[in-house]
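Working notes for the structure below.
Computed from the coordinates by the stated procedures, all read-outs in this text should not be read as laboratory data. This is a predicted model, so every value here is computed, not measured. Cβ atoms come from the backbone with ideal geometry, glycine included; neighbour counts cover every protein chain shown.
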Amino acid sequence: MKKIFLITILLTFFNIDICASERSECLVAVEKGKEIINVNGMKVYSYNGKTYTFRDKSNRCFERNLR
C-alpha cells in the first residue's frame, strides 16, 4: 500500500512539472510571438511554428491545435 501511495505522489509531482513547463512555454510565446487575433479578451499568437491562445479574463494560456 505504501508503494502505491509513493508512486501516486511521484507521478503527481511529475505531472505538475510538465504542466508548468507547458504554461511557461506558452507565456514565452505570448511575449515574443506575433499576435494573430484579438477577440473578446482572447488573443492568439504564433511563435516558432506553433499557435498559442491566451485568455485575459481567466489568465489561461495553452497551445492551440489547428486542424
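With θ set to phi - 60°, apply the Karplus curve 6.51 cos²θ - 1.76 cosθ + 1.60 along the range 42-52 and write out the HN-Hα couplings as whole Hz, x wherever there is a Gly or Pro.
The phi angles translate into 10, 10, 10, 10, 10, 7, 6, x, 10, 10, 10 Hz.
Among 3, 32, 50, 43, rank each residue by its count of other Cβ atoms within 10 Å, from fewest to most, as a rough exposure measure. Working shown, then result.
Details: 3 7, 32 10, 50 15, 43 18.
Ascending number of Cβ neighbours within 10 Å: 3, 32, 50, 43.
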